[in-house]
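J.: Take this structure, written in structure tokens, and hold onto it; I'll ask about it next.
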Amino acid sequence: MDIDIKDFDRLVNLGLGRAVLRLLDQSAELYREGILDACLHNKAYDPQIEGSRADYMMDLIRNTGDLSLYADAVLVALAEEAGESDTWQRFRIARLLAQEGNQRARQAMRTSFDACPDAMLNTFAEEFIELDGIEGLLYVVNRRGAKLRQSAERWEDEYLVGSC
């Protein structure tokens, strides 16, 4: 039995597992637009408290049977300008995809990291460390070091070293 699209979108926007369970019983095609919107826009009521819904969205899109459609959309959107919590969620989804072996996601992460505003650097850096451990830290340190060499006024503290 199909549930109303608005009801499904409400479940997704609230981050409820019932939406994931629904996809076990029925086609996700009717709900594609709502799922895609929730992948690209963090629907958390208070992202500072709730964080990103990337893990939830990955559970949801894995159950659609069309992971590549959503992955492609997220990776394209990662290069687009968006609000901080939306960008963070897209980046985390990319990291989860990269952990599953998606090399395009890994490259999209690197491209976004090179272009991201300073306010997002530490958040993005943590995702590289989560993905690759010490190798991720070295990648981040090398990239940040290159930017620091461009300006004598810029500096970094030991924050990233403490996150390993």
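Just so it is clear, none of the values below were taken in a lab; they were calculated from the coordinates. From a predicted model like this one, the values you see are computed outputs, not experimental measurements. We place every Cβ from the backbone using ideal geometry, glycine too, and count neighbours over all the protein chains shown.
J.: What does the charge count near S85 come to, summing +1 for each Lys or Arg and -1 for each Asp or Glu among other residues with Cβ under 11 Å from its Cβ?
T.: Neighbour charge sum, excluding S85 itself: 0.
J.: Around R143, with a cut-off of 9 angstrom between Cβ atoms, what is the net charge of the other residues, counting Lys and Arg +1 and Asp and Glu -1?
T.: Local charge sum for R143: +2.
J.: Hey, another quick one. So how much slack lies between L138 and E84, counting 0.36 nm per residue of separation and subtracting their Cα-Cα distance, in nm?
T.: Values: separation 54, 0.36 × 54 = 19.44 nm, distance 2.45 nm.
That works out to 17.0 nm of additional length.
J.: Still on this structure, I have one more. What are the ³J(HN,Hα) couplings of the range 82-98, residue after residue, when phi is run through the Karplus curve with 6.51, -1.76, 1.60 and θ = phi - 60°? Round to Hz, x for glycine and proline.
T.: For the range 82-98, the Karplus-derived couplings read 8, x, 4, 6, 5, 4, 4, 5, 4, 5, 5, 4, 4, 5, 5, 5, 4 Hz, x marking Gly and Pro.
J.: What do you get for the angle between helix 134-149 and the principal long axis of the chain? Use alpha-carbon atoms, 0 to 90 degrees, nearest ten.
T.: Roughly 60 degrees between the two axes.
J.: Related question: Report the FRET efficiency, 1/(1 + (r/R0)^6), for I5 and Q107, where r is their Cβ-Cβ distance and R0 is 30 Å, rounded to 0.05.
T.: 0.30
J.: Taking K and R as +1 and D and E as -1, what net charge do the other residues with C-beta under 9 Å from the C-beta of L97 add up to?
T.: Result for the local shell: +2.
J.: Additional query: In the range 3-77, which chymotrypsin sites (Phe, Trp or Tyr not before Pro) fall in coil by DSSP and have 12 or fewer other Cβ atoms within 10 Å?
T.: Details: sites: F8, Y31, Y45, Y56, Y70; in loops: Y45.
Taking the range 3-77 and a limit of 12 other Cβ atoms within 10 Å, the loop chymotrypsin sites (Phe, Trp or Tyr not before Pro) found are Y45.
J.: Rank the residues T64, T123, T87 as a footprinting-exposure proxy: fewest other Cβ atoms within 10 Å of their Cβ go first.
T.: Ordered from fewest to most neighbouring Cβ atoms within 10 Å, T64, T123, T87 come out as T123, T64, T87.
J.: I've got another one for you. Quick one: R149, R104, fewest Cβ neighbours within 10 Å first, how do they rank?
T.: Ranked by crowding around the Cβ, least crowded first: R149, R104.
J.: Working out 0.36 nm times the residue gap between K147 and L14, then minus their Cα-Cα distance, what length gain in nm do you get to one decimal?
T.: 44.0 nm
J.: What FRET efficiency do you get for D46 and E100 if R0 is 30 Å and r is their Cβ-Cβ distance, rounded to the nearest 0.05?
T.: The formula returns an efficiency of 0.55 here.
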